[in-house]
Amino acid sequence: MPLKDDNEIKADEITPKEVYLNRREFMAASATAAAAAAFPPLAEAQSHGGIPMKIEKHVDYAGSEEQTLYKSAAGYNNFYEFSTNKEDVAPMSKNFRTRPWTVTIEGLIKNPRCYDIDELIKRFPLEERVYRLRCVEGWSMVIPWVGFPLAGFIKLIEPDSKAKFVEFTTIHDPSQMPGQRRDVLQWPYVEGLRLDEAVHPLTILSVGMYGEVLPNQNGAPLRLVVPWKYGFKSIKSIVKIRLTDQMPVTSWMKAGPLEYGFYANVNPEVDHPRWSQATERRIGEFFRRKTLMFNGYAQQVASLYAAMDLRKYF
Ligand code: MTE
């Protein structure tokens, strides 16, 4: 190991705080992992404090890239209903009530109805899917989500042949969500997908992460995960899913129509009007890395957009 130079810049002077903290966390986690390897029964007892989930299948869709530490994924969040400060979301959502919880399914479908969240979870075998998540702000993570393909759910609710889009809505409850008492966005948070995007095999409804029930700050009890799109499409704490023939107007499109389009596909060639999208900072890493077309999922999804001008449909 090279000797330390006295002039060496300290990590906390050149590294954003969250990355720096993340490295310390990494070292602490390595020490824990080493201890766990020495005492295997301890490793099995490791938990992040959540409720373990029964998972039928594990698939890594992130090419063996190192997973983001749980502490970062659960401690650095965008969830404007609680706070616009990423580190405040976890403590502020601690007491958010996720039971009882129903999801209303309506619009152009055969049987509009409400599902109890636990009834819904029991209907589908849970899978663990390791996906990259790329936020529009320029950071990214690799997260093992637990969930089930949205396609299976859409099939169950039997859409009408006129349905072309799926609209998702987050709970509106200002008494529990202080951010909804301010006009940061138009509430409730709304997102949408084209029906073919919604039934794509990579699109999931997530109910957990890292083998445990989803923490509140990550969108409990039910959130969307669409790995080839910017993170803001992955709407949290969903209470309503509506099938429609009209393109939904999402909260971000209302907030900044020139900055946030309906498609929001990760695209290093189309800049956000105020910053480049060519590179990203993987949380826990020091150097920026190149952003990949469709977040690295081009092989699976590029055909959905074959005839489209992605500068116009951003
Ligand atoms: N869903 C709701 N309801 N409210 C939000 O503010 N933020 C989005 C998305 N889903 C958001 C939301 C954004 S901008 C991102 S990057 C991801 O959630 C962050 O998910 P994470 O905190 O699990 O990493």
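Of all the numbered requirements in (1) under 20 Å from Val301 (Cβ atoms); (2) within 13 Å of the ligand (Cβ to nearest atom), Trp187 misses one, and that requirement is (1). All conditions but one from (1) assigned to a helix (DSSP H, G or I); (2) away from the ligand (no atom under 14 Å from the Cβ) apply to Pro201; the one that does not is (1).
Of the residues making up region 242-271, those that are hydrophobic (A, V, I, L, M, F, W, C), without any contact (Cβ under 8 Å) to a residue 24 or more places away in the chain and assigned to a loop (DSSP other than H, G, I, E, B) number 1. The residue that is farthest from Phe82 (Cα to Cα), among those in region 207-224 that are assigned to a strand (DSSP E or B) and near the ligand (Cβ under 9 Å from one of its atoms), is Met209.
Under the condition of being of a type outside the set (Lys, Arg) and closer than 15 Å to Leu150 by Cβ, the residues counted in region 118-134 number 7.
If I filter region 61-84 down to residues being in a loop (DSSP other than H, G, I, E, B) and more than 12 Å from the ligand (Cβ to nearest atom), which single residue comes out as least open to solvent (accessible area, probe 1.4 Å)? Checked region 61-84; the qualifying residue least open to solvent (accessible area, probe 1.4 Å) is Ala62.
How many residues does region 283-314 contain that are aliphatic (A, V, I, L, M), farther than 23 Å from Gly75 by Cβ and open to solvent by less than 50 Å² (accessible area, probe 1.4 Å)? Within region 283-314, residues that are aliphatic (A, V, I, L, M), farther than 23 Å from Gly75 by Cβ and open to solvent by less than 50 Å² (accessible area, probe 1.4 Å) number 6. Screening Ser64 against (1) at pLDDT 95 or above; (2) under 21 Å from the mean Cα position of the chain (by Cα) leaves a single unmet condition, (1). So Val239 ticks every box in (1) open to solvent by less than 20 Å² (accessible area, probe 1.4 Å); (2) within 13 Å of the ligand (Cβ to nearest atom); (3) touching a residue at least 40 places away in the same chain (Cβ under 8 Å) but one. Which box is left unticked? (1) is the only condition that Val239 fails. If you go through region 168-187 and keep only what is under 19 Å from Pro248 (Cα atoms) and open to solvent by less than 40 Å² (accessible area, probe 1.4 Å), you end up with Phe168, Thr169, Thr170, Ile171, Leu185.
The values are calculated or read from the model by the stated rules, or taken from the named source; none is laboratory data. Owing to the predicted nature of the structure, the values given are computational and were not obtained by experimental measurement. Here Cβ is always computed from backbone atoms with ideal geometry, including for glycine, and neighbour counts include all displayed protein chains. The protein model used for the area step is the full one, side chains on, heavy atoms only, and it has no ligands, DNA or RNA in it. Shrake-Rupley method; radii C 1.70, N 1.55, O 1.52, S 1.80 Å.
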